[in-house]
Amino acid sequence: RQKTQQAFGHLPCLWQAKVAQDILKGDKNVIYVALTGLEKTFTFWMPLPFCIICTRSERIKIICCQNGIAL
């Protein structure tokens, strides 16, 4: 969390740090759901400072849905 704060000037919540750690591990797909206003976009940016050198097979792909799903 402190490294993210140094990089972005914002201390992430614990759940955001956990999601970023899971993304950086790269051993599984990561899907998370959060309510409006919980800084999901920031969570997607958090792994970037830690991926300075990525090979083709180590790239992180982030897919986000901008529109809510209507029931």
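Taking label points 7 Å from Cα along the Cα-to-Cβ direction, D22 and Q6 give a separation of 2.6 nm. Peptides 11-17, 30-36, 43-49, 1-7, ordered by how many other C-beta atoms sit within 10 Å of their residues on average, highest first, read 43-49, 11-17, 1-7, 30-36.
Values in this text are rule-based calculations from the coordinates and carry no lab data. Quantities reported herein were computed from a predicted structural model and do not represent experimental measurements. Glycine also receives a Cβ, built like all others from the backbone with ideal geometry; neighbour counts cover every protein chain displayed.
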